[in-house]
Amino acid sequence: MYFLFILAILVKLSANKAPSRGDLRVYKGGYDTHNEFPFAVLLQRKHPPARFCTGSLIAEDWVLTAAHCVQISVLLMVIRYGDFTKPANETKLYSSVIKIYAHPSYNQIFALNDIGLIFIEKIPRKNHAKLLAVDYKTLIGLHVKYAGFGYIFKHLFEKNSEEKRKTELNSLKTGEGIVTRCEIYYATFNVLCIAPKCSNKKQQARPGDSGGPLVYDGRVIGVARSISFFNPISHYTPVSLYLEWIQNTIRFNDDDKV
């Protein structure tokens, strides 16, 4: 048990405290120029305005993201949406956050059950993410895509930084990979492990892409959890394990409104 605790701390440090190596968003990736992720939304702090996580709109008033992305007061965040094939500074549509839900069994130290929901003011969009119910353990070997906005804390207080300007202009970034078997110490954590394709071995999601969608055949199968600079394998929380919790949370909230 002590070994697992130390291991979890090292994993978390590698994900959150690692020295910079390029953008804190999809590395060696492309941009969503064909609007493959129309349901992607951006989680943003209000003051100072800074994006910090990614989410998926699964209904007109519900966003799916990571649990560690909702460890913040609803008063301090907004949801940004719109056409993210364009530079980010051209997308100025916002939705207020009403309530946040982290999975009740979320464990911050081990990043277990790292999945969350955000109840928001209705967003008038028809393109909602569809979730795949297939057992995540049957997906090994399949080609998948992922997306993330990254975060801009690194350059937030630099007034005339060229890096800050580039980051603010960036649109939604995307990557591709293959579902692979997890490393030994992740095998019991109920996670989806994604390896880069042989044609782009350095491509991977980054810590700033937390909460972002992992997609197979147009459906969301995972949510980005802890991601390390030092490990070429990216880890996602499989949504198939949490469909009942997602449905019950939404239903309970709807019943509570009546």
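The values are calculated or read from the model by the stated rules, or taken from the named source; none is laboratory data. Keep in mind that this is a model prediction, so the values were computed, not measured. Quick reminder, even Gly has a Cβ in these numbers, built from the backbone with ideal geometry, and neighbours come from all protein chains shown. The accessibility values were calculated without ligands, DNA or RNA, using every heavy atom of the protein model including side chains. Shrake-Rupley method; radii C 1.70, N 1.55, O 1.52, S 1.80 Å.
Take Lys92: with every protein chain present and a 1.4 Å probe, its accessible area is about 140 Å².
In the context of the full protein assembly, Glu60 retains an accessible surface of approximately 80 Å², using a probe radius of 1.4 Å and ignoring ligands and nucleic acids.
With a 1.4 Å probe and all protein chains kept in place, how do Arg219, Arg225, Arg125 rank by accessible area, largest first?
Sorted descending by solvent-accessible area, the residues read Arg219, Arg125, Arg225.
Separation of the alpha carbons by more than 26 angstrom is noted, of Lys92/Lys202; Lys122/Lys197; Lys126/Lys197; Lys92/Lys122; Lys126/Lys202; Lys46/Lys173, for Lys92/Lys202; Lys122/Lys197; Lys126/Lys197; Lys126/Lys202.
Run the numbers for Asn200 and Ala59: contour at 0.36 nm per residue of separation, minus the present Cα-Cα distance, in nm.
Between Asn200 and Ala59, full extension yields 47.4 nm more.
At full extension, Asp83 and Ala133 could sit 15.2 nm farther apart than now, given 0.36 nm per residue minus the alpha carbon distance. Estimated from the Cβ-Cβ distance and a Förster radius of 35 angstrom, the FRET efficiency linking Glu121 and Arg181 is about 0.25. The stretch between Asp217 and Leu142 holds 26.0 nm of extra length on full extension. This uses 0.36 nm per residue minus the Cα-Cα distance. Measuring with a 1.4 angstrom probe and ignoring ligands and nucleic acids, Cys182 comes out at about 40 Å² accessible. Taking Leu241, Leu75 and ordering them by how much accessible surface each has at a 1.4 Å probe, largest first, produces Leu75, Leu241.
Taking amide H positions as modeled 1.01 Å from N, with prolines and chain starts lacking one, the residues under 5 Å from Lys130 and 5 or more places away or on another chain are Val220.
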